[in-house]
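Working notes, beginning with the structure itself.
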Amino acid sequence: MKVLHISTECYPAAKAGGMGDVVGSLPIYLPIHGVEASVIIPKYKTKWIEERNFEMVYESSLQLGKDTVEFSILKLKNTDLGFPFYVIDIPNKFDRANIYLDEDGEAFPDEIERNISFQRGVLDWIKNSPDVFDLLHCHDHMTGLMAFMVQYCTVYESLSSMPMFFTIHNGQYRGAFDWKYVKLLPKFDVRKGGLLEWDDMIHSLASAIKCSWMISTVSPSYLKELNSDFDTLTSLMRFENYKSVGILNGIDDQVWDPVIDPLLEYRLKRSVNVFKQSNKKALANQYEFKSNKILVSFIGRFAYEKSADLLVPTFEEWLKGNKSIHFFILGSGDKSIEGDMIKLQKKYPDNITAVIAYNEKLAHQIYSASDFILMPSRFEPCGLNQMYAMRYGTVPITRFTGGLKDTVPDIGDDGNGISFLQANKEDIIYSLKRAVSLYKDSLNLRMLINKIMNLDFSWVASAKEYKDHYIKTVKRQ
Ligand code: GLC
């Protein structure tokens, strides 16, 4: 079976979040189960893409409202990634260094035109490359209109029986926009217009949920939450539950392997203790803090869903009374949180290091050096950081939600880390207290580290689940 993943991110070519990691790793593991997977993303001006050689495989144009948009499909010449990799070049739309946001952190104003031209260009190519793919696997709302388009736009009639699989990585982003943009879509059967709509708008995510043959979420618990929240999409999710499945993400255990990771100062040899201590000292030297404290880190976007707004007030309160923890923060996003974080670092230079950036190498170093990773997310469809952390012997402190619920049961239940219920200051502080006690209980801590480093979060099992569901999807024909 030949599957094409259609996404706006794929690590290492272009990544803004966990979806990039998933799209860059799942296709490596699908062939183990007999599925040949290719990936297509927009051609951005990222360093990785700029430095690679591509060959052109298709060229055409499409009519986007009044504009004629030229585009071409290029295929990566070498096999660096481990799967066939395509980009779609749409000049003036995607040839920018950033993926979604401009220099000031604002969403690009032409997001709707970008997403629609991407989806239409890809479909145009597929339509003209008959029999190459047996199923299209779309990721998040940016590709959410494709299931509708293949079934109801006359121009794609020849693709109307193409099995469409859709994964929700983050249901909070929806790609909903005013009906006035309908002119950007190709002509469709007007009687089916309702399949585009939700909340009185053209709603990419809702349309994908309605029109895809199968929907997956990136963890089983997240699927349950989407079926039981009090949200405008809940009733729709429930209605379509019969074709939904929650499949936990895996991690690429070749990229995330403490024994061979080239990004680490010290790799894991015989002793986990030596591995952790030497990396902690290296990080402490590099960022000039003392390595004799408990190292608790946060890595991620400064966004509401990650509860990044709670970090500064919580750390501030904690540091009033207790100086045994050093907090290391790597992230960027909300400008006021960035500013507050820097201020707090100035106030407590011996207890806080804040690096306002996105830095893949430093992330690897932090996982190898930290004692705990803090993820107080308000919601977390899967979360990959807790899995990377555990593989590097770092104990997760996580809120009991979504994929965190599935991967980090509490140590009180013989689990993998410290789990708490509420995304608030009090619960985080209580969990930090539990972390300090655990840290002091060195025998139990060592046993826990040993256990979490040996958990299997690889893609092999999840890739098999995808394959099984691809087969189910195709059989629905
Ligand atoms: C999104 C979700 C995150 C998930 C990732 C990969 O970024 O917020 O929880 O791990 O997608 O599926």
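The values are calculated or read from the model by the stated rules, or taken from the named source; none is laboratory data. Being a predicted model, the structure only gives us computed values, none of them experimental. Cβ sites come from the backbone with ideal geometry, for glycine too, and all protein chains shown count toward neighbours.
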_I need the full set of residues from segment 25-42 which are more than 11 Å from the ligand (Cβ to nearest atom) and not aliphatic (A, V, I, L, M), in order please._
Pro27, Tyr29, Pro31, His33, Gly34, Glu36, Ser38, Pro42
*Failed item, numbered, when Thr79 is tested on (1) away from the ligand (no atom under 16 Å from the Cβ); (2) hydroxyl-bearing (Ser, Thr, Tyr); (3) at pLDDT 95 or above; (4) part of a loop (DSSP other than H, G, I, E, B)*: (3)
*Consider Glu50 carefully, then state whether it is charged (D, E, K, R) and closer than 22 Å to Asp131 by Cα.*
no
_The conditions are (1) within 21 Å of Tyr222 (Cα to Cα); (2) surrounded by 19 or more Cβ atoms within 10 Å (Cβ to Cβ), and Phe148 fails exactly one of them. Which is it?_
(1)
_Please pick out the residue among Ile294, Ile337, Ile342 that is aliphatic (A, V, I, L, M), under 28 Å from Ile449 (Cβ atoms) and assigned by TED's automatic domain parsing to the domain that holds Val436._
Ile294
*Cβ-Cβ below 6 Å, separation at least six or inter-chain, first residue in segment 1-25 and in contact (Cβ under 8 Å) with a residue 40 or more places away in the chain, second near the ligand (Cβ under 9 Å from one of its atoms) and in a loop (DSSP other than H, G, I, E, B): which pairs?*
Glu9/Ala16; Gly18/Leu384; Met19/His169; Asp21/Leu384; Val22/Asn249
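Listed residues Ile215, Ile260, Ile202, Ile247; which is within 16 Å of the ligand (Cβ to nearest atom) and either free of Cβ contacts under 8 Å to residues at least 60 places away in the same chain or of a type outside the set (A, V, I, L, M, F, W, C) (or both)?
Numbers: Ile260 fails: within 16 Å of the ligand (Cβ to nearest atom); Ile202 fails: within 16 Å of the ligand (Cβ to nearest atom); Ile247 fails: either free of Cβ contacts under 8 Å to residues at least 60 places away in the same chain or of a type outside the set (A, V, I, L, M, F, W, C) (or both).
None of the others qualify; the one that does is Ile215.
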*Any idea which of Ile373, Ile342, Ile352 is away from the ligand (no atom under 16 Å from the Cβ), buried (at least 18 other Cβ atoms within 10 Å of the Cβ) and not small (Gly, Ala, Ser)?*
Ile352
*Residue under evaluation Thr234, criteria (1) β-branched (Val, Ile, Thr); (2) closer than 27 Å to Gly20 by Cβ; (3) surrounded by 13 or more Cβ atoms within 10 Å (Cβ to Cβ), criterion not met*: (2)
*asked:* I'm checking my understanding of the structure. Among residues of segment 432-444 that are in contact (Cβ under 8 Å) with a residue 12 or more places away in the chain and more than 11 Å from Val395 (Cβ to Cβ), which one is surrounded by the fewest Cβ atoms within 10 Å (Cβ to Cβ)?
replied: Val436
*asked:* Among the residues of segment 232-244, are any at pLDDT below 95 and in the same structural domain as Asp67 (by TED's automatic domain parsing)?
replied: yes
*Quick check: anything in segment 159-170 free of Cβ contacts under 8 Å to residues at least 40 places away in the same chain and within 16 Å of the ligand (Cβ to nearest atom)?*
no
